[in-house]
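The values are calculated or read from the model by the stated rules, or taken from the named source; none is laboratory data. Because the structure is a prediction, the values reported are computed rather than measured. Virtual Cβ from ideal backbone geometry, glycine too; neighbours counted across all protein chains shown. Keep in mind that these areas ignore ligands, DNA and RNA; they rest on the heavy atoms of the full protein, side chains included. Shrake-Rupley method; radii C 1.70, N 1.55, O 1.52, S 1.80 Å.
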Amino acid sequence: MLARLPLYLRLVRMDKPIGSLLLLWPTLNALWIASSGRPSPMLLLIFVLGTLLMRSAGCAINDYADRDFDKHVKRTENRPITSGKIAAWEAVALAVVLSAIAFLLILPLNTLTKELSVFALFVAGSYPFTKRFFAIPQAYLGIAFGFGIPMAFAAVQDHVPPLAWIMLAANVFWSVAYDTEYAMVDRDDDIKIGIRTSALTFGRFDVLAIMLCYAVTLGIYVWIGVTLDFGWLYWIGWAAAVACAIYHYTLIKNRERMPCFAAFKHNNWLGGVLFAGIAAHYAFLR
């Protein structure tokens, strides 16, 4: 087991933390807003660890589902399952174990949070299979990546207000934006193997669609800022997120693989500055 540990770590993308961060920022946004900037240390620990565990479980299931496709994609042909270094059943077993640990973490929380976690698990586990038939699977991914939002509100307030679902909608549009950038990297390979992605669905309008998704996401955060009467520190964070989106346009406008991948990874900064604005508001201006 110790000798195989590096393979398991690669399977769950511990060497690539960007995915965990893209889940974590919207979850933290929700925790801070739901608790008016004062989430309990226990809740913060539960949601941070739970996010890491569920992202890892999702990666294992994703590689299991895509094991016959990944061998045809240059970027993924050496992943542990595809290369034969890890058996498919091991990936499923690891995903089950990680999901079980994540569920154990939320046992101290209220019933509503536990009920929402069941739906979150279903969405996360079924997402990889949507690439076979859904024209924009990135939208489904946005629900999977953002379901920590209603769970955070449920854990803090014992109900899920409309604001939580609006924030989840913002996360769906953001996920479509950054994961379309990611899909643009593999566009040629995806055409050959028949996987459905938003990059293929949007076609020559892919860059326009990405920027519109950014606009909707940031527009929703304008509504959030106005509705919650956020101060100037929040708007500095929001303006920095707009600058990130504009920078991403400069990277993706020519549809070159590596700049598109760089734009995808840079979304960590977009999510980070939005959270920084929210946290700064509650720390200094509330």
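Inspect segment 247-258 for any residue being assigned to a loop (DSSP other than H, G, I, E, B) and within 29 Å of ASP68 (Cα to Cα) and give the result as yes or no. Yes: segment 247-258 contains one or more residues that are assigned to a loop (DSSP other than H, G, I, E, B) and within 29 Å of ASP68 (Cα to Cα). Given the conditions (1) over 19 Å from the mean Cα position of the chain (by Cα); (2) modelled with pLDDT of 90 or more; (3) open to solvent by 20 Å² or more (accessible area, probe 1.4 Å), report the number of the one that ASP188 does not fulfil. Looking at each condition in turn, ASP188 falls short on (2). Residues of segment 105-120 that are free of Cβ contacts under 8 Å to residues at least 60 places away in the same chain and surrounded by 13 or more Cβ atoms within 10 Å (Cβ to Cβ): LEU105, ASN110, LEU112, THR113, LYS114, LEU116, SER117, PHE119.
Within segment 1-49, the residues that satisfy the criterion of being free of Cβ contacts under 8 Å to residues at least 40 places away in the same chain and either assigned to a loop (DSSP other than H, G, I, E, B) or in contact with a Pro (Cβ under 8 Å, 6 or more places away or on another chain) (or both) are MET1, LEU2, ALA3, ASP15, LYS16, PRO17, SER40.
Condition check: hydrophobic (A, V, I, L, M, F, W, C), open to solvent by 50 Å² or more (accessible area, probe 1.4 Å), assigned to a loop (DSSP other than H, G, I, E, B) and touching a residue at least 24 places away in the same chain (Cβ under 8 Å). Does PHE133 satisfy that? When the stated conditions are applied, PHE133 passes them.
Each residue in segment 1-55 was checked for being at positive phi and open to solvent by less than 30 Å² (accessible area, probe 1.4 Å), and 2 pass. Scanning segment 150-162 for residues that are open to solvent by less than 10 Å² (accessible area, probe 1.4 Å) and touching a Phe, Trp or Tyr at 6+ places or on another chain (Cβ under 8 Å) yields PRO150, ALA152. Here GLY219, GLY203, GLY225, GLY237 are screened, and the one residue that is farther than 21 Å from TRP269 by Cβ and part of a helix (DSSP H, G or I) is GLY203.
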